[in-house]
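This report refers to the structure that appears directly beneath it.
No lab work stands behind these numbers, since they all come straight from the coordinates. On a predicted model such as this, the values are computed, not experimentally measured, just so you know. Cβ placement follows ideal geometry from the backbone for every residue including glycine, while neighbour counts extend to all protein chains displayed.
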Amino acid sequence: MKTVLLSFPLLFLILLGINLIFVSSRPTPMVNQLIISSIGDASYLNPVLAQDSASSDINGLVFNGLIKYNRDLQGFVGDLAESWEIRPGPEPEITFFLRRGVLWHDGKPFSAEDVKFTYDKIMDEKTQTVRRSDYELVKKVEVVDPYTFRVTYKQPFSPGLGTWGIGILPKHRLEKEDINTTSFNRSPIGTGPFRFVEWVSDEKIVLEANPRYFEGRPQLDRIIYRIIPETSLSEMELLTRGVDYYGVLPHQYQRMNEIPFLKIYSQPSLSYTYIGYNLKNPLFQDKRVRQALTHAIHREEIVQYVLYGFGNVISGPFPSHLWYYNPNVKPLPYDPVKAKKLLTEAGWRDTDGDGVLDREGKPFRFKLITNSGNDIRRDVGVLVQRQLRELGIDVTFETYEWSVFLKNFINAKHFDACILGWSLSPDPDDYMIWHSSQIEKGFNFISYVNPEADRLWEEGRKEYDLERRRKIYWRIHELIAEDQPYTFLFSPIGISALQKKFVLVERDPSGREIYRPIQMEKAGLMYDLIKWYVPRGIVMEK
Amino acid sequence: MKGSGTISQFKLIWKYFKRNRLALGGLTIIIAIFFVAGTAPLLAPYDPGKTEVSLKLKPPSLKHFLGTDQLGRDVFSRMLYGSRISLSVGFVAVGISIFIGILVGAIAGYYGRWVDSLLMRLVDVMFCFPTFFLILTVVALLGPSIFNIMVVIGLTSWMGTARFVRAEFLSLRERDFVQAARALGVNDRRIIFRHILPNALAPVFVTATLDVATAILVEAGLSFLGFGVQPPAPSWGNILTEGRTYIFDAWWLTVFPGLAILLTVLSFNLVGEGLRDSLDPRLRGRR
Amino acid sequence: MTRFLFKRLLQLFITLIGISILSWIIITQAPGSPIALTMDPKVSPKIIEQMEKNYDLDKPIYQQYFLWLKKLFTGKLYSFKDGRPVLEKIGERIWNTLLLNLVATLIIFSLAIPLGVFSARRPYSFLDNLGTFGAYLGLSIPGFWLAYLVILATVKLFGYPVLGLRSFVIEGLSPPEIVLDRIWHLMLPASIMAIHGIAGLSRYTRSSMLEVIRQDYIRTAKSKGLPEEVVYYKHALRNALLPIITLFGFLIPGLIGGSIIMESVFAWPGIGRLAYQAVLARDYPVVMTILTISAVLTLIGNFIADLLYGVADPRIRYQ
């Protein structure tokens, strides 16, 4: 009995020893593949249903839309559509001329029927998709012929073109299925450069090159998404070369930059973090108070210490590196003296000497909330609380779980001030965040009303000309910066690390390979993913 | 009739407890932690919430005994205040669970029959839930405030106490002094609370002490998953969790809170086991 | 005997219903919703309402409960998070958790029992006290903290892959190497999970043995000249182990709860992690099903434990 029991741990130790010897002698294979680290598992490999970034990233490789943004995020290039025509008017039309000879991953041909099918599915109320609002202004669609697809809008709507970047679904595979629960969502078929191989839940998703891709076979053989939920652990995998590409956190940059086999890239992101003030609260109704609050918060310090410098302080509601951000509007400087002055002008003084400003007997006290699970917002909240405290404003700071936070506080408009962020699309139309019609049921949960801005938002989404649009959004930027309904904190700079063995490859007429380094584009590092390659035996230098 | 038995009982327990060096050590540490928690404002060299970003992530030094965190706050001061949270969660949660446990166990053990059956069925149901998962679910859904955490832990750990108390009641119920009281017409409630209960309490102390240890571990576990006491309030659990991201840059954010939790939990376990040994007549003889 | 069985099963069934109703109330009463998790500024709330309707979330609670039951038994229960059949999601992960727990249990029993017996043979000696202290230490250490430190140490010192079910780069490894790799990945989390159990069980074994040793029949066996090994392991241990059988019943709810943290730290794809993610995503179908399955398993486990106990100890009989 005793021997039986003791043999087990002995066996364990022996196996451990053998394993130690084996594993340590394993060489790192030079395989032509890309391993990407992902914090979360994907949910739906279906572009119509997916909401999370893990799913969207993969869908971007497996599916194509009709068009896609160009590398500067300022215009479009054709994807499944070779070209398109916009016919302006009170009911504008976009006619897409589709590529011929595109095949689905199962070999069947792609046609305009698939596009119509995708649109119908999106508009079907039973489909659990959030994308429907993108197409609400569509009056009708028609399949003119198998390679021509026409959309007619109820009114001019310039963001409309961008919405046709959505991945197109195969009609032949899905027409008889319930799209919400079909096994297709675990095992998709698209037209994209990579096709689906397997998905092991919570472990990995494997894609391989599509040899019949219409832009030519991608140079990489495989792409693997590894799901590693902890950032410190995925950092370790990066160091042991178990992962090739990784989204780096600001505090890791220093360490990552010193690793010889990694190249670090950075790029401003399409998102920004802000403090939103509930404008229905009398505390925040005076513009001077809001401006004072912005002056009192040391945003540069936040960027320097919380983001390690990887952020830009922005002055308005747009990402700082895109065409519609108004560079002439400068962020309000950190100036606690001016803040104090503005508050005094607005009637706030410390009349009873308790260290807290008051007006008409009421102290300047409010609750700042944000969602839990976000380290940066948490740290920002603590810092802001301290900085405002020095000014005599009593702020309590609390975090809540995301789902509760949204439903009970934000959507119910039951809050004083909140720290949140917006993750925007390349199109400037943020009507649903800022227009006064969106206060009741939209995302204007701070209840901001500005008639001139309202008018401009409406014009902006009807205007198709880029330069005219630019003027409109620059003016909106000025108005919002003046009003400070948010304190715009910063727009983070995204950092990523990639193993140096990856290059871009092109073949010249004689078939020789030409290597170029991978560059960061506004549209992202992976814009030219189909050209990525791991050369055999050749090590790419910096 | 009432008090004399209990006091001499305590004296006896203390006599045996004293001989157990490990348990004594645990008790000393617990007293020390209580002292620290109580005098935290006096002992803390810095304001635990004071941020000083230029001093972020500094290793332990003479100025900052346990280093600073990512916002430049002094870890030593935060740990001192954090002891308050750990101890209060432990005690309040266990207080609640003891209260419920005694109530349920006493009623079940005294009245017996269908009341007992029903209540024990309830105990079975509670045991069927994977406790930690249940706590996590409820706290996640209702919001991780310190109050919710205490209450939920309390509501999910009373079953052990209930069983012990019930067992004691079942055996004590038939004893002479109880029969005598009943014959004299003393009402049930008095019998339960003034006569039987003081004699049934001994095992409860043991479970209570051990449960405090468990409760502190549970709070730390909840913090690890993001559902413990929320920042900016300092608890050992959330200092550990916040430090997770910086584990390569600031080992002190992980090591010190973990050690604090370990030490505290260990002390409670040692005291609890010491109590158990002292109370067990069969083991007493040995020493 | 059959009457007893029947009565017990009926009790179990009623308990189960009670549990599921209680669970349902807790979960659905809680704030937050599975749909409104999106903050995409392009989504109109009208659509969110429609989506909630598609999930029957606008119906009264008791109706939703019955719908859940119906869908569960007709196999049409789908997760809110990714539209997959709930049973499929649970099915692919439950074996991982069971495996982990099984191995942890084996480690616990194979180390704790000899330790306990060893301690019991030399009570209050230096080694015994050392073992006692070690056991207390093991009971008190926060598991995730230890796990974290161990993972870090392993990776920093040896550069080893420790996460998940298996090493990633396993192209071109021979089958025995693959098996070894999986065992390695299994051992580390199982061992850390086992520490708590080893500590507890060794103490329990020790005290149980101490009680048994004092009994007359042991002294008889010793005086008969039987070798120590036989006395302790064959006679004493068998009787000391009886109460341990009941521990099996409680092992099973521990499966799910205890695993949550370990599975998160080790990125182990099991139901603990699934349950945790489901709670965050308000994936009611998954959460309910896991709670119910866990309750079923526990009740079965208790039932079996009771039966085994009755078989093992002739002194126990049922009224």
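Odds and ends about this structure:
- Point-charge dipole on Cβ atoms (K/R +1, D/E -1) for the range A:464-532, about Cα centre, debye to 20: 280 debye
- Only aspartates and glutamates eight or more places from C:Lys53 in sequence, or on another chain, were considered; those with a Cα closer than 13 Å are A:Glu125.
- Taking the range A:28-85 and dividing mean pair separation by its residue count, relative contact order in percent (alpha carbons under 8 Å, at least six apart): 19 percent
- Overall shape of the range A:296-395 was characterised from the C-alpha gyration tensor. The equivalent ellipsoid obtained from it has semi-axes of 28, 18, 12 Å, in decreasing order.
- Space enclosed by the convex hull of the alpha-carbon atoms of the range A:218-315, per residue, Å³: 169 Å³
- Each residue of the range B:10-21 was assigned a 3J(HN,Hα) from its phi angle through the Karplus curve 6.51 cos²θ - 1.76 cosθ + 1.60 (θ = phi - 60°); the sequence is 4, 4, 5, 4, 4, 4, 6, 5, 4, 6, 8, 5 Hz, with glycine and proline shown as x.
- Members of A:Lys367/A:Lys471; A:Lys204/A:Lys531; A:Lys338/A:Lys407 lying beyond 29 Å, as alpha-carbon distances in this model show: A:Lys367/A:Lys471; A:Lys338/A:Lys407
- Cα-based reach from B:Lys58 at 25 Å (exclusive), listing lysines while leaving out same-chain residues under 8 positions away: B:Lys50, C:Lys156
- Shape category assigned to the range B:1-156 from the gyration tensor of Cα positions, a/c cut at 1.5: oblate
- For the protein assembly as shown, size of Cβ-based charge dipole, Lys and Arg +1, Asp and Glu -1, in debye: 4120 debye
- Placing unit charges on the Cβ atoms only, positive for Lys and Arg and negative for Asp and Glu, gives chain B a dipole magnitude near 1080 debye about its Cα centre.
- Once exposed loop GluC sites (Glu not before Pro) are cut out (DSSP; at most 15 other Cβ, 10 Å), longest piece of chain A: A:361-540
- DSSP H segments from chain A that extend 18 Å or more along their own axis, Cα-based, with Kyte-Doolittle mean of 1.0 or above: A:2-24
- A Förster radius of 51 Å combined with the Cβ-Cβ distance from C:Ser174 to A:Arg212 puts the calculated FRET efficiency at roughly 0.90.
- Between C:Lys59 and A:Gln304, the modelled label-to-label distance comes to 6.0 nm, taking each label 7 Å out from Cα in the direction of the beta carbon.
- Adding -39500 (n - 2.57) for every DSSP H run of four residues or longer, then dividing by how many residues chain A holds, sets the calculated 222 nm ellipticity at -8000 deg cm²/dmol.
- Label zone at C:Arg182, where the point sits 7 Å out along the Cα-to-Cβ direction: the range A:186-220 residues whose backbone N lies under 18 Å: A:199-204
- Label-to-label distance, nm, for residues given as C:Lys70 and C:Phe4 (7 Å Cα→Cβ offset): 4.1 nm
- Mean Cα-pair separation over length for the range A:296-400, i.e. relative contact order, pairs under 8 Å, 6 or more apart, %: 26 percent
- Anisotropy class of the range A:75-150 from Cα gyration tensor, a/c 1.5 cut: oblate
- Cα lying deepest toward the dipole's positive end in the protein assembly as shown, options C:Ala194, A:Leu169, A:Leu293, charges on Cβ: C:Ala194
- Averaged over the residues of peptide C:81-92, the number of Cβ atoms from other protein chains lying within 10 Å of each residue's Cβ is 4.
- Radius of gyration, Dmax [chain B; alpha carbons; angstrom]: 22.2, 77
- In plain terms, if you count all Cα to Cα distances in the range C:64-162 and split them into 10 Å steps from zero, the share in each step is 12, 21, 24, 20, 14, 8, 0 percent.
- The tail of the calculated P(r) for the range A:113-250, taken as Cα-Cα distances beyond 17 Å, holds 71 percent of the pairs.
- Shielding score for C:15-23, defined as the mean number of other chain Cβ atoms within 10 Å: 3
- For the segment B:161-171, counting C-beta atoms of other chains within 10 Å of every residue's C-beta and taking the mean gives 0.
- Computed E for C:Ile300/A:Ile86 - FRET, C-beta separation, R0 51 angstrom, nearest 0.05: 0.20
- Label-point gap, in nm, between B:Ser171 and A:Lys287 - each point 7 angstrom along Cα→Cβ: 8.1 nm
- Relative compactness, the protein assembly as shown, computed as alpha-carbon Rg over 2.2 N^0.38 Å: 1.03
- Ranking A:Ala50, A:Val395, A:Gly247 by Cα position along the charge dipole of chain A, where only Lys, Arg, Asp and Glu carry charges on their C-beta atoms, puts A:Gly247 farthest toward the positive end.
- Close amide H contacts of A:Glu198 (hydrogens built in the peptide plane, cut-off under 5 Å, sequence separation of 5 or more or a different chain): A:Val206.
- Karplus 3J(HN,Hα) series, Hz, for the range B:135-144 with 6.51 cos²θ - 1.76 cosθ + 1.60 (x for Gly, Pro): 4, 4, 4, 5, 5, 5, 6, 8, x, x
- Rg/Rh ratio calculated on Cα atoms of the range A:382-427 (Kirkwood radius): 1.08
- With semi-axes defined as the square roots of five times the eigenvalues of the C-alpha gyration tensor, the equivalent ellipsoid of chain A measures 43, 35, 23 Å, largest first.
- Estimated translational D of the range A:400-539 in µm²/s (Stokes, Kirkwood radius over Cα pairs; 25 °C; 0.890 mPa s): 128 µm²/s
- Using alpha-carbon coordinates, inclination of helix B:252-279 to the longest axis of chain B, degrees: 20 degrees
- Summarised in one figure, the compactness ratio Rg/Rh of the range B:128-241, Cα atoms and Kirkwood Rh, is 1.18.
- Summary of the geometry: the range A:375-431 and the range B:166-213, compared by the centres of their Cα atoms, lie 53 Å apart.
- Whole-Hz Karplus values for the range B:174-191 come out as 8, 6, 4, 5, 6, 4, 4, 4, 5, 4, 6, x, 5, 6, 3, 4, 4, 4 Hz, taken residue by residue from phi with 6.51 cos²θ - 1.76 cosθ + 1.60 and θ = phi - 60°; glycine and proline positions read x.
- Value of relative contact order over chain B, rounded to a whole percent, pairs C-alpha under 8 Å and six or more apart: 25 percent
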